[in-house]
1. Between Thr305 and Arg269, how many nm apart are label points set 7 Å from Cα along the C-beta direction?
2. Counting C-alpha atoms alone, how compact is the chain: give Rg to one decimal and Dmax as a whole number, in angstrom.
3. Please list the non-local residues whose amide H lies under 5 Å from the amide H of Ser276, H modeled 1.01 Å from N, same-chain partners needing a gap of 5 or more.
4. What ranking, highest mean first, results for peptides 159-169, 248-258 when packing means the other Cβ atoms within 10 Å averaged over each residue?
5. Taking R0 as 22 Å, what's the FRET efficiency between Arg157 and Asn110 from their Cβ-Cβ distance, rounded to 0.05?
6. Classify segment 277-331 as rounded, prolate or oblate, taking a ≥ b ≥ c as the square roots of the eigenvalues of its Cα gyration tensor: rounded when a/c is under 1.5, otherwise prolate if a/b is larger than b/c and oblate if not.
7. Mind listing the long-range amide H neighbours of Ile139? Cut-off is under 5 Å, sequence gap 5 or more, other chains count too, H placed in the peptide plane at 1.01 Å from N.
8. What full-extension length gain, to one decimal in nm, is calculated for His337 and Ala131 as 0.36 nm per residue of separation minus the Cα-Cα distance?
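Computed from the coordinates by the stated procedures, all read-outs in this text should not be read as laboratory data. Just so you know, these numbers come straight off a predicted model, no measurement behind them. Cβ placement follows ideal geometry from the backbone for every residue including glycine, while neighbour counts extend to all protein chains displayed.
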Amino acid sequence: MMHKQSRPQSRLLSLPPLAELHCHLEGTVTPELALMLAERNGVCLADVVGDNGRYRWTTFLEFLAAYDGMTEAICTEQDLYDITYAYYANMAQRGLIYGEMFVSPQHGLNRGLSYAAQIGAIADAMYSAEADHGVVTRIIITCVRNYGAEHAEEMARLALQNPHPLVTGFGMAGDEACGDPADFTRAFKYAADGGLGLTAHAGEVMGAENVRATLEALPVDRIGHGVRAIEDEGVLDLLMDRNIVMEVCPGSNIALGVFPDHQSHPLRRLMDRGLSVTLNSDDPPFFDTTIEDEYNNAALYQGCTDAELAHITRSAIMAAFCDDKTKTVLLDRLRKHVKII
Ligand code: ADE
Ligand code: ZN
């Protein structure tokens, strides 16, 4: 892994309740859990997890390959249930009150799991995590850019033909260098017409021009990462004008070498520019982070005050792909902990 930095020493006492909009389900699987699932399902992950017990990757494309390779160990509804419950039970104990999860149904379809079976298992785990730990969650159905436009349209079609109360968003991840955002306009318009909130990864490993192209081609509400917009004032203006909420994932960006360290990450500059930013862990064990670490690091390295951290949680709730009643309940929970909002 590149540019690894040490974890903050301890939890800061003043963290507000946490909310996360950008986290990939398969990306929450620790190497230990991946090996356990692999053994349970008779799958070999030797190319994916090294002898040191860490995922094997150095570049962004190797990361995507390791991620795809690890998904081969996720074979059953029970696997999906276990992964989802483990993540939210753990994060709720660290202060998470709201989480949205990117779910890529293509990975399960490749293992013979129907869309409905996948969502049913993940949703069951989400309801259990909420009942047991109070964390509220939603699902963003995700297409993978390097799998092409037809795949994206099929993912949107599956989401709309199998409506589920927890499926409230549609997104795109994968390799930004592949294709053009305009290739995906049909999929995103279809998802928008079906009432789903929209987000797309852009400006993560590719530059500001890819954020602009995404905003011009796709009717998104939020941008996944978007941090390289910092390279172009005009693109920052566009984000402001369109009221786009940014799903910022500093730990991911640093692990992938997009920025060399926390000090040089543009989170603070984006905030000072007036953009609406949220904090997210993306693929936490791949990047040696957690949502709690992200909040702590924003305080430690970007000088975020208690009020600013609480405002970040508020921004996430306001931009969440959930109904207004749920937002009101979440904002009340936030207010109970911090008086400044
Ligand atoms: N899929 C999972 N994590 C991703 C990331 N950080 N960028 C693009 N696609 C992804
Ligand atoms: Zn992501």
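1. Taking the two extended label points, one gets 2.3 nm.
2. 18.4, 52
3. The answer is Met246.
4. The peptides rank, most packed first, as 248-258, 159-169.
5. Calculated value: 0.80.
6. It is oblate, given that a/c is not under 1.5 and a/b is not larger than b/c.
7. Under 5 Å from the amide H of Ile139: Met101, Val167, Thr168, Gly169.
8. 72.1 nm
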